[in-house]
1. Test residue 275 against the stated conditions and say whether it is modelled with pLDDT of 95 or more and of a type in the set (Val, Ile, Thr).
2. Inspect all residues belonging to the range 207-222 and state whether any of them is under 17 Å from the mean Cα position of the chain (by Cα) and crowded, with 17+ Cβ neighbours inside 10 Å.
3. Would you be able to say whether some residue in the range 77-87 is modelled with pLDDT of 95 or more, in a loop (DSSP other than H, G, I, E, B) and exposed (fewer than 13 other Cβ atoms within 10 Å of the Cβ)?
4. Tell me yes or no: at least one residue of the range 304-313 is over 17 Å from residue 253 (Cα atoms), in a helix (DSSP H, G or I) and among the small types (Gly, Ala, Ser).
5. Given (1) over 18 Å from residue 144 (Cα atoms); (2) under 22 Å from the mean Cα position of the chain (by Cα), identify the lone condition not met by residue 318.
6. Exactly one condition in (1) at pLDDT below 80; (2) in a loop (DSSP other than H, G, I, E, B); (3) of a type outside the set (Asp, Glu) is false for residue 37; which is it?
7. Confirm whether residue 310 is surrounded by 15 or more Cβ atoms within 10 Å (Cβ to Cβ) and in contact (Cβ under 8 Å) with a residue 40 or more places away in the chain.
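The values are calculated or read from the model by the stated rules, or taken from the named source; none is laboratory data. Everything numeric in this text was worked out from a predicted model, so none of it was measured. Backbone-built Cβ (ideal geometry, glycine too); neighbour counts: all protein chains shown.
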Amino acid sequence: VDEDIEFERMILHATGALTGFLGERVQTWARHFWNLLRGSAVIRRRKTDLVHILDGSYGYLASKTLGIPTVVTVHDLIPLLRQEGEFGPARSNRISRWLLGRVVAGLQRSERLIAVSSNTEKDLRQHAHIDQGRISVAPLALSSKFRFEGSQGDLKEGRYPDTPYLLHVGNNGYYKNREGVVRIFSQLPEAQRARLVMAGPAPTSQLTSLIEKLGLQARVEFVIDSDDDELVGLYRRASLFLFPSLYEGFGWPPLEAMACGCPVVCSTEGSLPGVVGDAALTAQAQNEEALTAHCVKVLTDVGLAQSLAERGRERVKQFTIERMREDLLAAYGRALAVQSLRPA
């Protein structure tokens, strides 16, 4: 961090004592309304030159910064895209539409927006109607925890052939397409269909039913709520990382897998092409036949698997903390410059 810049972290959330007795969904709404009520007072008490809101879902706070230059990092616009019917029929209630309107208004008011990918930058222009000149693209930095430890021989001779498995990491959100993962796995030839490990929350009843319908109960394993250290181990031992996501604002898991030397097969949706580059085999999420064929290629061609692993490890070198730091400082400078040009 630049020695001339002093940072202070501000947390606005209501405490658990105030919201802990509420249901999970109501707690979420309570936190948002608390932020709206208290945001101005908390920010006003700080004598700050710039406010950086780290999550675009709290973009409404930009309306509470009282003339202080404001930067907002936007990871994705999934709620807005869903409201506009980009992922099937629009589903939202009056409260969520109202809050989302406040979020978009806050983003439009901010001096500078930071998009974590070119795809998110495109979404901001097309769906939130933000001028391109007010958006900086600043890819996130990968944690140093995610790295490959082994020799080239580990890749050349096959990744841990005694316990081969395909890996998926993701939550139960519809866009993570966990059911698609299971369907693709079910289409693999018997010789390649060893195990599927799915890391994330406990499966939904629909996902469990699909696994039972396809007769895969003995071959699908769930690793519930693993921490980073567990994830690193899973990535390093996997024969293949499969990620047929329907949308991503950034896409951490493929990047983490590549850093750990795991070959990647993923979809071309959202930001994923910009994350994986030419270091993965890709196809549209709906083209499960092509994704299945990619998996077979990786699982049967050791040379291809090695090449993808090596390209992936090279690709992740672009996602460094040094690059992110420079991008952030440039965005701060532009936000301050915009504010200085405004009439007093």
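1. yes
2. Looking for residues that are under 17 Å from the mean Cα position of the chain (by Cα) and crowded, with 17+ Cβ neighbours inside 10 Å, one finds none in the range 207-222, hence no.
3. no
4. Checking the range 304-313: at least one residue is over 17 Å from residue 253 (Cα atoms), in a helix (DSSP H, G or I) and among the small types (Gly, Ala, Ser).
5. Tallying (1) over 18 Å from residue 144 (Cα atoms); (2) under 22 Å from the mean Cα position of the chain (by Cα), residue 318 fails exactly one: (1).
6. So residue 37 meets the others, but not (2).
7. yes
Here's the yes/no breakdown for (1) in contact (Cβ under 8 Å) with a residue 24 or more places away in the chain; (2) over 15 Å from residue 170 (Cβ atoms):
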| position | (1), (2) |
| --- | --- |
| 205 | no, yes |
| 208 | no, yes |
| 214 | yes, yes |
| 222 | yes, no |
| 235 | yes, no |
| 244 | yes, no |
| 250 | yes, no |
